[in-house]
1. So K17 passes all but one of these: (1) within 19 Å of T124 (Cα to Cα); (2) modelled with pLDDT of 90 or more; (3) in contact with a strand residue (DSSP E or B) (Cβ under 8 Å, 6 or more places away or on another chain); (4) not aliphatic (A, V, I, L, M). Which condition number does it fail?
2. For segment 197-244, how many residues are crowded, with 21+ Cβ neighbours inside 10 Å, in contact with a Gly (Cβ under 8 Å, 6 or more places away or on another chain) and hydroxyl-bearing (S, T, Y)?
3. Got at least one residue in segment 170-192 being modelled with pLDDT of 90 or more, surrounded by 14 or more Cβ atoms within 10 Å (Cβ to Cβ) and either of a type in the set (K, R) or closer than 23 Å to V106 by Cα (or both)?
4. Here is a list of conditions, (1) in contact with a strand residue (DSSP E or B) (Cβ under 9 Å, 6 or more places away or on another chain); (2) outside any helix (DSSP H, G or I), and A281 meets all of them except one; can you say which number that is?
5. Taking the residues in segment 245-278 that are among the acidic types (D, E) and not in a strand (DSSP E or B) as candidates, determine which candidate is surrounded by the most Cβ atoms within 10 Å (Cβ to Cβ).
6. Output the residues belonging to segment 73-99 that are outside any strand (DSSP E or B) and at pLDDT 90 or above.
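The values are calculated or read from the model by the stated rules, or taken from the named source; none is laboratory data. Treat the numbers as computed from the prediction; the structure is a model and nothing was measured. Positions of Cβ are backbone-derived with ideal geometry, glycine not excepted, and every protein chain shown enters the neighbour counts.
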Amino acid sequence: MLDTHRLKIFLKIAELKSFSRAANELYLTQPTVSQHIAALEQFVGLPLFDRADRDITLTKAGELLYTYARQIITLQEEAVQALDHFKGRKSGNLVIGASTIPGEYVLPPLLGDFKKLYPDIHITMRIADTAVIVQELLSRNLELGIVGGRIKDEHLQYAKCADDEQVLIVPRRHRWWGKKEVTLEELAREPLVMREKGSGSRMSMEINLREAGMNPGQLLVSAEMGSTAALKHAVRSGVGAAFISRRAVVDEVAHGLLRVITVAGHTFARVFYVVSDRKRALSPLGKAFRDYVLKLKA
């Protein structure tokens, strides 16, 4: 029969694409990890990993097993949580995902406080853009997501958990540094740095611009960045102005490294959502965390 311990090792290697990194994270020796995978491959009767290149990749058989292994381990963890809940105790693993701004600026303090309430739990948070978080959620690799954009899918359920505002920022020595506001017409002529397509920040910004009467296609996009940190560095390096969460630039504005410029007559509000899969019942721990976040509304 399939050994769940070996399945956990298999999943960790698949996620990290490395036997050695998996061994380090699992506090096992690399020979031990290799022995477990050899035993699993012998049981399956097929190779699970392609070891030809430097990066370890799943074979077709490995991809098939990965889907079921993830479900098996998830069900096992949910069973343990349900029994602990029945006994009046919260324990187990909670795996959540978050897009960049909520993952870096909203959730960390909430996770710390939630952990104080339930010290026996272990929380893993993965940060990626909204599109990736939603896909991981639907693939059952995550139980919950906290995202800044809504992707339409009948299987997804969204609940508002926090408000945010996107602001226009410029660096020192920018020609707008001394201005308090600019018009949409001026904005259309200014090189901008944007987050990549698929990010909640990009989706929210484009929606806000359309509501302001501006076609996002009119923007002069000079660069696209895959993270908030990269976007801030690009702005400070003079690549262009940018829209960004006000939460993400508190320190830089306070120290005079970046300046917030108002777009005349417009504010650019956005919402963060807790997203879950309608088809999947939340574990007791997942439900407790969702209720906790929604109650606080950061």
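1. Result: K17 fails condition (2) only.
2. Here the count works out to 3.
3. There is no residue in segment 170-192 that is modelled with pLDDT of 90 or more, surrounded by 14 or more Cβ atoms within 10 Å (Cβ to Cβ) and either of a type in the set (K, R) or closer than 23 Å to V106 by Cα (or both).
4. Result: A281 fails condition (1) only.
5. Narrowing segment 245-278 to residues among the acidic types (D, E): 251-252, 277.
From the residues that got through so far, the ones that are not in a strand (DSSP E or B) too are 251-252.
On the way: D251: 9, E252: 18.
Within segment 245-278, the match that is surrounded by the most Cβ atoms within 10 Å (Cβ to Cβ) is E252.
6. Just the residues of segment 73-99 that are outside any strand (DSSP E or B), to begin with: 73-91, 99.
Passing the criteria: only S99.
Yes/no per residue for (1) touching a residue at least 12 places away in the same chain (Cβ under 8 Å); (2) of a type in the set (D, E, K, R); (3) touching a strand residue (DSSP E or B) at 6+ places or on another chain (Cβ under 7 Å); (4) under 19 Å from R280 (Cα atoms):
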| residue | (1), (2), (3), (4) |
| --- | --- |
| L110 | yes, no, no, no |
| K115 | no, yes, yes, no |
| H122 | yes, no, yes, no |
| D129 | yes, yes, no, no |
| V134 | yes, no, yes, yes |
| L142 | yes, no, yes, yes |
